[in-house]
1. Give me the distance in nm between label points sitting 7 Å out from Cα along the Cα-to-Cβ direction at Gln30 and Gln316, one decimal.
2. Hey, rough spin-label estimate for Asn341 and Tyr159, points 7 angstrom out along Cα→Cβ, what's it come to in nanometres?
3. Against the longest principal axis of the chain, how steep is helix 187-201, in degrees 0 to 90 to the nearest 10, with axes from Cα atoms?
4. Using the Cα gyration tensor of region 300-385, with a ≥ b ≥ c the square roots of its eigenvalues, what is the shape: rounded (a/c below 1.5), prolate (a/b larger than b/c) or oblate (neither)?
5. Less than 14 Å Cβ to Cβ from Ser16, Lys/Arg counted +1 and Asp/Glu -1: what total charge do the surrounding residues give?
6. Quote the charge dipole size of region 330-385 about the Cα centre in Debye, to the nearest 20; the model charges only the Cβ of Lys and Arg (+1) and of Asp and Glu (-1).
7. State to the nearest 20 debye the size of the charge dipole of the chain about its Cα centre, where the only charges are +1 on K and R beta carbons and -1 on D and E beta carbons.
8. What number do you get for region 218-364 when its Cα radius of gyration is normalised by 2.2 N^0.38 Å, N = residues?
Amino acid sequence: MNFPIDQLPKVLDTPSFVYSRRMLEERARQALACRVPFGLTVRYAAKANSHPEIIRLFDELGLQFDASSSYEAALLLKQGVSGSTISLSSQQPAHNLDELLQAGVRYVATSLRQLELVASSPYRPNTVGLRLNPGMGSGHNNRTMTGGVNSSFGLWHAYTEQALELARRHDIMIDRLHIHIGSGADPRLWGEAMDAALALVRRLPEVTTLDIGGGFKVHRFGDEQEADLTAICEVFSQKLAQFAEETGRRLHLEIEPGTWLVAHAGVLVAEVVDIVDTGADGHTFLRLDTGMNDITRPGMYGAQHEMMILPGREEQREYIVVGHCCETGDILTPAPSNPENLASRRLARAEIGDKLVIFDAGAYCQSMSLKQYNAYPDAGTYFID
């Protein structure tokens, strides 16, 4: 999906994020059109980008929501989202647990302690979800894997019986299983994730809903693969149908796309404020009026984003693109999956005052921005149709 650069506002303060409503809506409708045999709930992972206009649009289109903290769940409620459409799965126990349960938020315990807390609440629901770590993970590096022995997410699968015993003791039913392995694009990988999840479902006899999580990868740069959500759901369908034939259990499926829904729909527009070099054997650096305070992914993960200089001159040169923060690590063109190393980009010849567009910045950019560092203000926000 190509962002409509020609529709960028003629007058644009930098740095600013610009989002395409059309692209957001197209992605949401594609996800909602996916079919599995016993019902599908598409939950938007709000941590990817919680801008109120994006939340409102997805709510109107019929998406439900995944919250990763009690504060995020409270924010969704404040924005008018119905509690019954919010699922909360958080590393930290909810600071406002009773309030969220009263509002109808679907709670997913991620540890034995969290299960104990929800079971002991005066507003305890009859049913609760449980997130298990299935023992496998996926991602382009360790920082994007959310399953396996190196990940603290979810209750380790070996403790499933302890969770069941705790739930029975408190007369609460575990009816939803949640797993999340990280990120990937290969349908075969997602088939393996479903196999691992269904093996856990066999140990949870009252589970009627399986939440397979998110992490559906998008193509941002180079030879990265884009997840085909329709093809992945076809694999899910085959696995769920086979499981139903073997056990008689017809599982409702939930998925939690975040990046897949919003990444392509946003760009970050910055200005080239300086050009410096480190001599004949060094590098030429483009300094921008944005950096790790607005977009942390390159410095954190070695993530790659396509970039374009505006205006696009025919002459091209090699550059290292850097941010404005007083940090050596504020590099926007690191080596792939390796933020310790630099990788130059061949871009149109730049001049001070040019605009530089960073593509596929709709997910985990504005929502992950660093506040207060170097006292830089937050980037602006624009929406186009």
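1. 2.6 nm
2. The answer from the label model is 3.8 nm.
3. 30 degrees
4. On the way: a/c = 1.56, a/b = 1.16, b/c = 1.34.
Cα axes put region 300-385 in the oblate bin.
5. Details: positive: Lys10, Lys355; negative: Asp13, Glu271, Asp289, Asp294, Asp378.
Around Ser16, the surrounding residues sum to -3.
6. Using only the charged Cβ atoms, the result is roughly 140 debye.
7. Values: 35 positive and 48 negative charges, 199 e Å.
My answer is approximately 960 debye.
8. The reported ratio for this selection is 1.38.
Here, each number is a calculation from the coordinates, and none is a lab measurement. Since the structure is predicted, the reported quantities are computational estimates derived from the model, not experimental observations. Note: ideal-geometry Cβ built from the backbone for every residue, glycine included; neighbour counts use all protein chains shown.
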